[in-house]
Amino acid sequence: MSFLVLALAAPGIAFAQTTLSPVSYTQALEPSEKGSARKPLDLQLLQIANEVRSQSKLAPLEAHQGLADVAQAHARDMATKGYVGYVDPSGASLFDQVRVSERSALIGSFGSSIAVLEAGASAAEIHKAMQTDAANAANLQRAFSHAGMGSYVHDGRVYVVQIFAKIDGELDGPLPLQLSESTVLRTALATEDMTPVAWSLTDGDGDVLARGTGRRLQTSRAEAVEGYLNLDVALGNDIYTLRGPFVELN
């Protein structure tokens, strides 16, 4: 059986390579995909991944609907547009896509894997193919907490996307795409020892567009600023940056 495997993982690093506004990506998820029930193949892949983690005495990955929605949409996009990669034709990376689509999660680390096999491949065969790549195998040994699996069959091939994340907190509700300066970030963080100390908005290259202390979003710019929301949190003597949704701040 022929196959192609890609893998990517980098704790604490946001893969935001596009220089274009990713807002258009919100149209990429078909209504039937958002919040839809997962396919048996996807559920089996998550089960196998957790069996591997159990053997290493690691906590199981919790299924995450938002990650799965993006994985499913990207698998379909690759299949129907004829490419294989972590960046779509518009320039939006998988992490870009997650940060546009997922409106609540605060992500401390992120990883992803892609495989393309002949249609009809079983979950066990897909997993075995993926494990031939050392980076992909390492994904199952990392301190991720959640995962989303997506697959799409097209023209005799099955396209599989696995997305992993360490979600260190969540906003108290889905954050709207457009915010006002009266917006206050209210969060539920992974541990009570985490304390929010600052926020920032960055562009696709990671350059800071606006920043502030505390939880109230405000900017001195006269025009609206759009970018990826980051939340710096203190844990003991260390500062960690959690990545949140793409927003426009008026």
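The values are calculated or read from the model by the stated rules, or taken from the named source; none is laboratory data. Predicted model only: the values in this text are computed from it and were never measured. Every residue, glycine among them, receives a Cβ derived from its backbone with ideal geometry; neighbour counts consider all protein chains shown. These accessible areas exclude ligands, DNA and RNA; they are computed on the full protein's heavy atoms, side chains included. Shrake-Rupley method; radii C 1.70, N 1.55, O 1.52, S 1.80 Å.
Could you tell me whether Arg211 is assigned to a strand (DSSP E or B), basic (Lys, Arg) and closer than 24 Å to Phe144 by Cβ?
Numbers: assigned to a strand (DSSP E or B): yes; basic (Lys, Arg): yes; closer than 24 Å to Phe144 by Cβ: no.
When the stated conditions are applied, Arg211 does not pass them.
All but one of (1) touching an Asp or Glu at 6+ places or on another chain (Cβ under 6 Å); (2) among the hydrophobic types (A, V, I, L, M, F, W, C); (3) crowded, with 16+ Cβ neighbours inside 10 Å hold for Ile239, so report the exception by its number.
Here Ile239 meets the rest and fails (3).
Those residues that are open to solvent by 20 Å² or more (accessible area, probe 1.4 Å), assigned to a loop (DSSP other than H, G, I, E, B) and closer than 18 Å to Leu106 by Cβ, I need them from the range 214-235; list them, please.
Result: Gly214, Arg215.
Quick check on my filter: what residues within the range 74-98 are closer than 22 Å to His127 by Cβ and of a type outside the set (Lys, Arg)?
Restricting attention to the range 74-98, the residues satisfying the condition of being closer than 22 Å to His127 by Cβ are 74-76, 78-79, 84-86, 94.
Passing the criteria: His74, Ala75, Met78, Ala79, Val84, Gly85, Tyr86, Leu94.
Take the range 196-208 and flag every residue that is without any contact (Cβ under 8 Å) to a residue 40 or more places away in the chain and out of contact with any Asp or Glu (no Cβ under 6 Å at 6 or more places or on another chain).
Residues satisfying the conditions are Pro196, Trp199, Ser200, Asp207, Val208.
Limited to the range 188-246, what total is found for residues that are modelled with pLDDT under 90 and basic (Lys, Arg)?
Of the residues in the range 188-246, 3 are modelled with pLDDT under 90 and basic (Lys, Arg).
Looking for something within 16 Å of His146 (Cβ to Cβ) and in contact with a Phe, Trp or Tyr (Cβ under 8 Å, 6 or more places away or on another chain) - is there at least one such residue anywhere in the range 46-65?
The answer is yes; a qualifying residue exists.
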